Amino acid sequence: MKPFRTHRGVLAPLDRANVDTDQIIPKQFLKSIHRTGFGENLFFDWRYLPDGRTNPDFVLNRPAFRRATILVAKNNFGCGSSREHAVWAIQQYGIQAVIAPWIEREGVRVPAFADIFRGNAAKNGLLTVELSSPEVEEIFSMVNRFPGLEATIHIEEQRVYLHLAEEISFHFELDPAVKNRLVHGLDDIGITLKEEKAISQFEAQHDPQIY
């Protein structure tokens, strides 16, 4: 994984809640045994019309958002089946971060991201930014007013900056373990290899046949 400390890019507004993993990458595209080629089929049923032509009404097909690398969505993004391919498809399309809001419904906090999707994102270096609903609504409002609006996300500062005439920023919480993964570019293998010396010492001192 590459270290992720800061990223600047165009914001794309996906004004939908409960975006499930089958919409992110439909099941018919999960046959490949390789971790490549999923980006072209991201949001396939929304990006393309039944006859295969590009859907001009879908946000990522609009000229102002074709270069977008930060996606803004509504709550419970990534729900549904636990397919890691959903994260791969988002990244391979070019999206580096997804911003979504948590909401409160009947006294219960509904998260911005489904738990399994959030975990898969962290392990693959995709940043998930959870903000309050009013903050995300403000971002939607600014993006709709200024199509092509750019933002910068600073991992170490845990802050999103909107590049307007008067800069607006939002603080976000980030699990320290996830932050460490992103800043240092560590996947599960990388985290294990940090303990390579201790592992080698253990293996040298223990007979593997015992186990």
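Numerical summary
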| read-out | value |
| --- | --- |
| Packing-based ranking, highest mean first, of 88-98, 5-15 given that Cβ atoms within 10 Å are counted | 88-98, 5-15 |
| Mean separation of Cα contacts under 8 Å (6+ apart) over length of the chain, as relative contact order % | 25 |
| Spin-label pair Glu104/Thr6, simplified geometry with 7 Å Cα→Cβ offset, distance in nm | 3.5 |
| Sorted peptide list for 23-29, 112-118, criterion being average Cβ within 10 angstrom, highest first | 112-118, 23-29 |
| From the coordinates shown, Rg/Rh (Cα atoms, Kirkwood Rh) corresponds to which of [x] 1.04; [y] 1.20; [z] 0.95 | [x] |
| Estimated 222 nm signal from helices in the chain, with DSSP H stretches of n ≥ 4 weighted -39500 (n - 2.57), rounded to 500 | -8500 deg cm²/dmol |
| Modelled label reach - Ser132, point 7 Å along Cα→Cβ, the range 144-178 residues with backbone N closer than 11 Å | 171 |
| Taking Phe140, Phe43 and counting other C-beta atoms within 10 Å, the order from fewest to most | Phe140, Phe43 |
| Calculated FRET value between Ser141 and Tyr48, using beta carbons and R₀ = 41 Å, to 0.05 | 0.90 |
| DSSP H segments from the chain that extend 20 Å or more along their own axis, Cα-based, with Kyte-Doolittle mean of 0.5 or above | none |
| For Met142, Met1, order by how many other beta-carbon atoms lie within 10 Å, fewest first | Met1, Met142 |
| Cα gyration tensor shape for the range 1-43, rounded if a/c is under 1.5, else prolate or oblate | oblate |
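Throughout, read-outs are computed from the coordinates displayed, never taken from laboratory work. Keep in mind it's a predicted model, so treat the numbers as computed, not measured. No Cβ is skipped: glycine too gets one built from the backbone with ideal geometry, and neighbour counts run over all protein chains shown.
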